[in-house]
Amino acid sequence: MRIARVLALAGLVGLAFPHTSAAAANKEHLQLMAEIRMLQEQQQQLQAMVGTLTDAVKTVATKLDEQSAATRKAMADQTLTLNGLGDNVRVVREKVDDSNVRIANVSQEIDALRQAVVASQAAAAPTMTAPGGGAPGAQQPNVPPPSPAGGQPPTPPINPLPLGVSPQRAYDASFDDYSAGRYELAITGFQNYISNFPRSPSAALAQFYIGQSYFSQSKWPDAAREFQKVISDYAQSPQVPDAYYKLGQTYERLNQIDLAKRAYETVVKNYPGSTSILAQQALERLNRK
């Protein structure tokens with residue numbers, strides 16, 4: 001652009017001074033050529049600088065891309081590691097929970113065996129020979145077995161299970177009766193289970209199925225009473241939300257709508273989850289009436 005202006009200026013100068021001497025014109029021409037050469041050199045230098053800057057920008061962009069890729073890979077690796085740790089923690093927690101349940105069941109089995117032994121000793125006491133003599137089988141005073149030092153003898157359950165019956169086996173037998181619709185047998189079995197294994201992890205579930213058995217027989221007052229026991233006796237168990245929901249259904253059958261709404265509202269407010277969704281639907285249905 002600048003070269004073109006210089007050439008144009010030279011042309012204007014020739015037109016404006018047609019009578020200038022040839023020497024002066026030649027001198028002016030040489031100066032213009034020198035300036036053109038300088039401008040060409042400057043243009044080449046600028047092009048070289050532009051090329052250098054372009055290469056530098058490309059290099060910086062490449063390094064930034066490499067650093068971004070490395071950062072993304074590091075974050076992905078950290079995320080994968082954290083997910084793996086979370087899975088390991090969950091597995092460990094499940095194993096600990098399973099171990100706790102097994103320990104509780106073993107403890108219940110030991111208690112059952114101890115109670116069975118105590119019951120057997122109590123049953124055999126009248127036929128045993130009294131201290132100091134006496135023929136076997138003779139009538140002896142009914143002397144209770146000696147109590148542990150500093151305490152009373154353990155009270156056996158009302159309906160002790162046969163010797164060697166584990167808590168899981170007793171629970172499964174009662175649940176089989178419930179699943180088959182033998183609700184009276186299921187109620188008796190679950191009651192005996194709770195009596196023999198009151199600290200079992202499945203005691204709350206057994207109590208819930210007692211209420212369910214009454215509910216399935218349309219014995220609404222009995223069902224409401226048993227569902228209330230789940231709430232009052234096992235307040236920290238996972239069965240409490242279901243007990244509240246079934247209690248609401250039972251109150252509906254009893255036409256106690258206000259109590260039913262209160263039970264459903266308790267589930268919605270305090271126990272978010274799948275049961276809460278069912279309770280919310282039931283509550284909306286009652287409110288539309």
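Residues of segment 171-194 being under 24 Å from GLN236 (Cα atoms) and surrounded by fewer than 16 Cβ atoms within 10 Å (Cβ to Cβ), which ones?
ASP172
I'm trying to understand the selection: among the residues of segment 246-271, which are more than 18 Å from GLN207 (Cβ to Cβ), over 24 Å from the mean Cα position of the chain (by Cα) and in a helix (DSSP H, G or I)?
Those that are more than 18 Å from GLN207 (Cβ to Cβ), over 24 Å from the mean Cα position of the chain (by Cα) and in a helix (DSSP H, G or I): TYR251, GLU252, ARG253, ILE257, ASP258, LEU259, ALA260, LYS261, ARG262.
Taking ALA282 as the residue in question, decide whether it is part of a helix (DSSP H, G or I), crowded, with 22+ Cβ neighbours inside 10 Å and touching a helix residue (DSSP H, G or I) at 6+ places or on another chain (Cβ under 7 Å).
no
Can you pull out the residues in segment 228-285 that are on the phi > 0 side of the Ramachandran plot and either modelled with pLDDT of 95 or more or of a type in the set (Asp, Glu) (or both)?
Passing the criteria: only ASN255.
Among (1) surrounded by 16 or more Cβ atoms within 10 Å (Cβ to Cβ); (2) part of a loop (DSSP other than H, G, I, E, B), there is one condition PHE215 misses while meeting the rest; what is its number?
Answer for PHE215: the failing condition is (2).
Against the definition (at pLDDT below 95 and at positive phi), how does GLY150 come out, yes or no?
Yes.
The values are calculated or read from the model by the stated rules, or taken from the named source; none is laboratory data. From a predicted model like this one, the values you see are computed outputs, not experimental measurements. Note: ideal-geometry Cβ built from the backbone for every residue, glycine included; neighbour counts use all protein chains shown.
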